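Q: Questions regarding the structure given below will be posed in turn.
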Amino acid sequence: MKATSEILHEKLKEFFGFDSFKGDQEAIISHLIEGNNTFVLMPTGGGKSLCYQLPALVMPGTAIVISPLIALMKNQVDAIRGFVANRDGIAHFLNSSLNKTQLQEVKDDLLSGVTKLLYVAPESLTKEENIQLLRQCKISFYAVDEAHCISEWGHDFRPEYRKIQPIVNEIGAAPIIALTATATPKVQSDIQKNLGMSDARVFKSSFNRENLYYEMRPKVNTEKEIIKFIKGNQGKSGIIYCLSRKKVEELAELLNVNGIKARPYHAGLDAATRSANQDLFLMEEIDVIVATIAFGMGIDKPDVRFVIHYNIPKSLEGYYQETGRAGRDGGEGQCITFYSYKDIQKLEKFMQSKPLAEQEIGKQLINDTIAYAESNQCRRKTLLNYFGEQYTQENCGNCDNCLYPKKQFEGKEYIATVLELINGIKENFKADHLANILGGVNNSIIKSYNHNELEWFGIDKQKDSRFWLAVIRQAIVLQFLYKDVEKYGLITATEKGNKFLEEPYSVMLTEDREFVNTDDDDDVVSIGNAKNQRGGGGDPALLAMLKDVRHSLSKRLKLPSFVIFGDPSLEDMSIMYPTTLEELKNCQGVGEGKARKYGKEFVSLIAKYVEENEIDRPTDLVVKTVANKSLNKVYIIQSVDKKIPLDEIADAKKMELEQVYDELEAIVNAGTKINIDYYIRMIVDEDKVDDIYEYFKEEATSDSVNEAMKALGPDYTEEEVRLIRIKFLSELGN
Ligand code: ADP
Ligand code: MG
């Protein structure tokens, strides 16, 4: 079949409402309509779907579209139906989510030839009954979308994709169009081989996304940086990718606490919540979606203005796909990644449980990612080079390395020293051990090997072990050293390394200081508070005055001082200088209730102090912390409201009772009032309740449970003391 350009443009307008084709679309479409195998390599957002949707609508027969995600099929089908009024049968999907009636409808429409486009999940395609059904249809062509799923070298390998070719043969031959946004030469050849389409014409667009800005940031104060960034980009839509579901939930919560409209998205949420959150994002009811990589494939929001990676992805393809969701409309798209070597180690750890062959591949993909992250080359150049494309411009002017070149230093001597050390000690060691030797760290492991006696021990007084670790990591990326992930990450010299040692040459290394000393993201979400800064950061004069205020208030109200504000709260105040009750709530352990009840004197003191001493208050953003990182908090509060016994709450959440107590303590410490009298009545003797309560009110000098136990004697259990303490703190504190 042939279709003139005129007809194609007419259909483009009629079905999709567009006036012109994007990039290679027209050439691709004509090629396919003429009955040829076609291979489309186009970056995310390039407009791949149209390359098979339009031909499907104009060619006789039904086009089979194989696509990996069930959730997306429905969207795509709905979109097609939207183009073509009153002919719902024109597009269908076939997957495991259909019930009997729906399935029958699909069959009827297929057999009567109404259906032009049938989306099929690869799992469903392998089912015998479906193969039989499709054998009876006239197939116009097969489209394999997200075709990189065929390759183990892609970022999303799906074994079922390997079965596509034999099944296509069974159903009946027709042209194939394969489409992907992953274009490393290896993936490309895997796809063509596997689909038996080596003859296909390859349409490869440039992968350069000029409008995207790439930046790597050290993973320090990450949450705070993210909040600052979003607040500096008010009203813009963005996606934040995290590695774990837990982090997704925590971060979404933290953003909300800080006045940013955000929702979580990950595969652990039920389908209804997931799609509700996705819709909120698409409809711009919220600005930010915090997600695992489960989010995004096929998301067609053209004006996503930023994509933040909280964790670095495990491959550059993944990175490129995910960042590619920014700026699809050609407008602004900022891609910020928070990089830490710890995250790399995590990725490596995940991989150790995988089959060896997979590990081998995974290792190399990660190494490419590290090289990208730590490189001081133009990011665009590195990425495009990775996709087999030459980028000749010297300076792209739209990545951190081009805009803010990093300092470099001559690394010749340092790399040589590392290699000498490795050759000098007979056994192999891990990177940090080697770095500790060179940096002169005299710890017990070093001593146990007598490595503190080596000539390389503390070889350069100016350089510490961190410096050496950075040299070693870059030497790995530059392939002077090899790190064997299977052997616990032991480091050996490579052939290239040994050649270098014979005849060292100039190698520029990047100053890498910024990428060490990073956050541990398993940490509690707690930034911008005293936790990181305590001991030295605060203003001692102010702290002493705040303690005086607390003391007199405590006497006046006849309350122990810890009930009013704990020491950590006062320390926070002496760092952040809050002068309004609103600001005060940003301090650790200060909730709504406490701020209102006791805060006034503190903030007016601080305001006066700030003025008299002409203090520059931190103009920096103050981040409100999530008091309790647990996701169970809300559940527990609601259950307590319903007077559900705490042990039942524990069961329902598969927690230990102890943990529920921990949560409750965190809740009251954060300033939320809760009433657990119903439970106390069930398990603690009334007299004991009074005794313990009195103790905290009259005798206690701190809120320590241990001290209370000592003072009260052996008749009171820890459980009892903790429960009453929760009651006490909630009633008096909040
Ligand atoms: P890909 O699958 O390559 O990531 P999509 O097929 O989802 O990209 O298309 C990306 C966006 O480009 C969509 O919003 C789509 O409607 C739009 N688009 C596709 N072709 C055209 C065109 N010819 N003119 C204008 N917009 C187009
Ligand atoms: Mg697509």
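Q: Mean shadow of segment 92-249, computed from the convex hull of its alpha carbons, in nm²?
A: Hull-based average projected area comes out at 13.8 nm².
Q: Going out from 0 in 5 Å bins, what whole percent of all Cα-Cα distances in segment 627-733 drops into each bin?
A: Binned Cα distances yield the sequence 2, 12, 25, 25, 20, 11, 5, 0.
Q: If you build the convex hull over the alpha carbons only and average its shadow over all orientations, what do you get for segment 554-712? Give it in nm² to one decimal.
A: 10.9 nm²
Q: Related question: Using amide H atoms built in the peptide plane, which far-off residues or other-chain residues are under 5 Å from T337 H to H?
A: The answer is E215, M216, R217, H309.
Q: Could you work out what % of the accessible surface of the chain is carbon and sulfur, using a 1.4 angstrom probe and leaving DNA, RNA and ligands out of the count?
A: 48 percent
Q: Quick check: with the 1.4 Å probe, what order do V65, V220 take by accessible area, largest first?
A: I get V220, V65, largest accessible area first.
Q: A further question follows. Evaluate Rg over Rh across segment 408-510, taking Cα atoms for both radii and Kirkwood's formula for Rh.
A: For segment 408-510, the value is 0.94.
Q: What span do the alpha-carbon atoms of segment 534-621 cover on each of the three principal axes, reported in whole Å from largest to smallest?
A: The principal-axis extents, from largest down, are 35, 24, 24 Å.
Q: Follow-up question, since we're still on this one. Helix 412-424 against the longest principal axis of the chain: what's the angle in degrees, Cα atoms only, rounded to the nearest 10?
A: It works out to around 80 degrees.
Q: What angle do you read, to the nearest 10 degrees and between 0 and 90, between the alpha-carbon axis of helix 592-612 and the longest principal axis of the chain?
A: 80 degrees
Q: Roughly how much of W456 is accessible, in Å² to the nearest 10, using a 1.4 Å probe?
A: For W456, the solvent-accessible surface is approximately 30 Å².
Q: Can you tell me the accessible area per residue over the chain, all protein chains present, probe 1.4 angstrom, in square angstrom?
A: 45 Å²
Q: Give me the distance in nm between label points sitting 7 Å out from Cα along the Cα-to-Cβ direction at E358 and D685, one decimal.
A: Going by the 7 Å Cα→Cβ label model, 5.9 nm.
Q: Ranked highest first by the average count of other Cβ atoms within 10 Å around their residues, in what order do 48-57, 1-10, 721-730 fall?
A: Result, highest mean Cβ count within 10 Å first: 48-57, 721-730, 1-10.
Q: Further, regarding this structure: Can you tell me which lysines have their Cα less than 18 Å from the Cα of K107? Leave out same-chain residues fewer than eight positions away.
A: K74, K116, K127, K138
Q: Ok, one more. Restricting things to alpha carbons, tell me how big segment 212-403 is in terms of Rg and Dmax, in Å.
A: My reading of the Cα-based Rg and Dmax gives 16.5, 48 Å.
Q: If you take the square roots of the eigenvalues of the alpha-carbon gyration tensor of segment 5-204 and sort them as a ≥ b ≥ c, do you get rounded (a/c under 1.5), prolate (a/b over b/c) or oblate?
A: Oblate, because a/c is 1.5 or more while a/b does not exceed b/c.
Q: How high is the FRET efficiency between E503 and K447 when r is their beta carbon distance and R₀ equals 25 Å, given to the nearest 0.05?
A: 0.10
Q: When the Kirkwood radius is taken over all Cα pairs of segment 111-190, what Stokes-Einstein diffusion coefficient follows at 25 °C and 0.890 mPa s, in µm²/s?
A: 182 µm²/s
Q: So which lysines can K654 reach, going by Cα to Cα under 23 Å and dropping same-chain residues fewer than 8 places off?
A: Straight-line reach from K654, under 23 Å: K246, K247, K629, K633, K642, K643.
Q: So which lysines pass the test for K354, namely a Cα distance under 16 Å, with those fewer than 8 places away in the same chain ruled out?
A: The qualifying lysines are K314, K346, K363, K487.
Q: Something else: Pairing the Cα long axis of helix 341-351 with the longest principal axis of the chain, what angle in degrees results, from 0 to 90 and rounded to the nearest 10?
A: It is inclined by approximately 60 degrees.
Q: When you count, for each residue, the other Cβ atoms within 10 Å and take the mean per peptide, how do 245-258, 654-667 rank with the highest first?
A: 245-258, 654-667
Q: Moving to a separate point now. Looking at the chain only, what percent of DSSP beta bridges run antiparallel? Nearest 5 please.
A: 15 percent
Q: Please report how far the C-alpha centroid of segment 114-140 lies from that of segment 221-282, rounded to the nearest whole angstrom.
A: Their Cα centres are 38 Å away from one another.
Q: Could you run the Debye sum over the Cα atoms of segment 320-439, one equal point scatterer each and no solvent, and tell me log10 of I(q)/I(0) at q = 0.11, 0.13, 0.14, 0.22 Å⁻¹, two decimals?
A: Taking Cα atoms of segment 320-439 as identical point scatterers yields -0.57, -0.78, -0.88, -1.37.
Q: Sticking with this structure for a sec: State the volume of the convex hull built on the alpha-carbon positions of segment 260-333, expressed per residue in Å³ and rounded to an integer.
A: Value for segment 260-333: 95 Å³ per residue.
Q: Could you compute the FRET efficiency for D300 and K407, with r as their C-beta to C-beta distance and R0 at 30 Å, rounded to 0.05?
A: 0.15
Q: Kirkwood hydrodynamic radius for the chain: how many Å is it when counted over pairs of different Cα atoms?
A: The answer is 30.0 Å.
Q: Same structure, new question: Using a 1.4 angstrom probe on the protein heavy atoms only, could you order T180, T701 from most to least accessible area?
A: T701, T180
The values are calculated or read from the model by the stated rules, or taken from the named source; none is laboratory data. As the structure is a prediction and not an experimental result, all values here were calculated from the model. With ideal geometry, Cβ positions are generated from the backbone for all residues, glycine too; neighbour counts draw on all protein chains shown. The area values use the complete protein model at the heavy-atom level, side chains included, leaving out ligands, DNA and RNA. Shrake-Rupley method; radii C 1.70, N 1.55, O 1.52, S 1.80 Å.
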